[in-house]
Amino acid sequence: MLDSEAAMVRFLNLIASEPDIARVPVMIDSSKWSVIEAGLKCLQGKGIVNSISMKEGEESFLEHARKVRAYGAAVVVMAFDEKGQADSVERKVSICERSYKLLTEQVGFPPEDIIFDPNIFAVATGIERTTAMRATSSKPRR
């Protein structure tokens, strides 16, 4: 098994030593929060965290958001909540609005540091509705 935290730290330290690479924003992506936080500790400039969501509830969402903010990074917010992935336009908008309010009003996130991923391109998620939407959207429109 891979030691994810160590691999993240090693990789980010390697790219930080290259002046041309160190100037570009880095997006940290992992399904494990400990890996994301290990990466945030290594970044020299403004990073982007991919991603946080409310799938584990508001408390966890706010805790992660506060840490991302403390490290000065921007954040990608996925359209998931306690009920799962948003599967309709209404749920996508509702979850994104709720996330935005929590981030800006409770965490103090600058709006320009919030990137929403409403799961528009939800391929292979297992959501039956997504499969049906892909099938109909591939037909030519007139």
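The values are calculated or read from the model by the stated rules, or taken from the named source; none is laboratory data. For clarity, every value in this text was computed on a predicted model and none was experimentally measured. Don't worry about glycine lacking a Cβ; one is built from the backbone with ideal geometry, like all the others, and counts go over all protein chains shown. All accessible areas refer to the heavy atoms of the entire protein, side chains included, with ligands and DNA or RNA removed. Shrake-Rupley method; radii C 1.70, N 1.55, O 1.52, S 1.80 Å.
Among the residues of segment 39-87, those that are in a loop (DSSP other than H, G, I, E, B) and open to solvent by less than 20 Å² (accessible area, probe 1.4 Å) comprise 54, 57, 73, 79, 86. Summed over segment 1-38, residues that are over 21 Å from residue 115 (Cβ atoms) and surrounded by 18 or more Cβ atoms within 10 Å (Cβ to Cβ) total 1. Remark: pairs (first residue in segment 97-113, closer than 12 Å to residue 69 by Cα; second residue open to solvent by 40 Å² or more (accessible area, probe 1.4 Å) and assigned to a helix (DSSP H, G or I); Cβ separation under 7 Å; 6+ apart in sequence or on different chains) = 104/111; 107/66; 107/69; 108/69; 109/69. Pairing residues of segment 1-27 that are without any contact (Cβ under 8 Å) to a residue 12 or more places away in the chain and closer than 19 Å to residue 49 by Cβ with residues that are hydroxyl-bearing (Ser, Thr, Tyr) and open to solvent by less than 100 Å² (accessible area, probe 1.4 Å), at Cβ distances under 6 Å and at least 6 apart in sequence or on separate chains, gives no pairs at all. Is it true that some residue in segment 93-104 is modelled with pLDDT of 90 or more, over 18 Å from residue 56 (Cβ atoms), within 15 Å of the chain's Cα centre (by Cα) and outside any helix (DSSP H, G or I)? Within segment 93-104 (the criterion being modelled with pLDDT of 90 or more, over 18 Å from residue 56 (Cβ atoms), within 15 Å of the chain's Cα centre (by Cα) and outside any helix (DSSP H, G or I)), the answer is no, since none of the residues qualifies.
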